[in-house]
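**Student:** Sharing a structure below in structure tokens format, with a few things to ask.
Bear in mind these aren't lab numbers, they're just calculated from the coordinates by the rules spelled out. Here the structure is a predicted model, which means the values were calculated and not measured. When we count neighbours, we look across all protein chains shown, and the Cβ atoms used for this are built from the backbone with ideal geometry, even at glycine.
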Amino acid sequence: MIVQNENKVFDVSFGQWINALFFNITASDETGPWNAHLDFEGQKEAFFHLLQKWLAEKKIHLLPPTEYVIWNCPEEEKSFLFSVRGEPQYGSFSVPTKKIKGYTIWSIPHEEMILYIRDHWPKDVTDENDLKLIDFFYGSYCPNIIWVDSENGNLVAS
């Protein structure tokens, strides 16, 4: 997959939520649109491509999505973890994780992370302005992203 202006997309997305990466793929600046050749499906594929690439390059990490934690732990290990929209969420970090600089990072193979995100992507969304897409990015099925500062190795999240 060819994604133009990858460094610009990374720089303007750095430190923001994962949805910023998706939307910034088709952003523009004074030189024009960065990836005008991509339709919505192409933008989606570019998103998965950049996630996979940057995970492999250790430019980003992902936190396990709430829903993944809830459904992938044994019943007897479930305990109160946090709340989402005021509702208690139960689960256990017995799912594959590792600690990096205080963050609990999802530690399954990158390909499986991407497959999980693809499997939970809203199936009938055909436009970046569809509210189902926003629900996905801010809901319990989408992982949060941690950005790695290339200058000092610090982890940045919003």
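**Student:** If LYS123 meets every condition in (1) surrounded by fewer than 17 Cβ atoms within 10 Å (Cβ to Cβ); (2) in contact with a Phe, Trp or Tyr (Cβ under 8 Å, 6 or more places away or on another chain); (3) not aliphatic (A, V, I, L, M) apart from one, which number is that one?
**Tutor:** Only one criterion in (1) surrounded by fewer than 17 Cβ atoms within 10 Å (Cβ to Cβ); (2) in contact with a Phe, Trp or Tyr (Cβ under 8 Å, 6 or more places away or on another chain); (3) not aliphatic (A, V, I, L, M) is unmet by LYS123, namely (2).
**Student:** Could you look through the range 105-138, keep only residues that are among the hydroxyl-bearing types (Ser, Thr, Tyr) and in a helix (DSSP H, G or I), and pick out the one that is nearest to LYS53 (Cα to Cα)? Please lay out each step first, then the result.
**Tutor:** Initial filter on the range 105-138 (among the hydroxyl-bearing types (Ser, Thr, Tyr)): 107, 116, 126, 138.
Then drop every residue that is not in a helix (DSSP H, G or I), which leaves 116, 138.
Details: TYR116: 16, TYR138: 22 Å.
Looking at residues that are among the hydroxyl-bearing types (Ser, Thr, Tyr) and in a helix (DSSP H, G or I), I get TYR116.
**Student:** Any residue that is surrounded by fewer than 19 Cβ atoms within 10 Å (Cβ to Cβ), at positive phi and without any contact (Cβ under 8 Å) to a residue 40 or more places away in the chain - is there at least one of those in the range 19-38?
**Tutor:** Yes, the range 19-38 contains a residue that is surrounded by fewer than 19 Cβ atoms within 10 Å (Cβ to Cβ), at positive phi and without any contact (Cβ under 8 Å) to a residue 40 or more places away in the chain.
**Student:** While we're here: When VAL156 is evaluated against the numbered criteria (1) under 16 Å from ALA20 (Cα atoms); (2) surrounded by fewer than 12 Cβ atoms within 10 Å (Cβ to Cβ), which criterion, by number, is the only one it fails?
**Tutor:** Of (1) under 16 Å from ALA20 (Cα atoms); (2) surrounded by fewer than 12 Cβ atoms within 10 Å (Cβ to Cβ), only one is false for VAL156: (2).
**Student:** Name the residue that is nearest to ASP39 (Cα to Cα), counting only residues in the range 126-158 that are in contact with a Lys or Arg (Cβ under 8 Å, 6 or more places away or on another chain) and in contact (Cβ under 8 Å) with a residue 60 or more places away in the chain.
**Tutor:** TRP147
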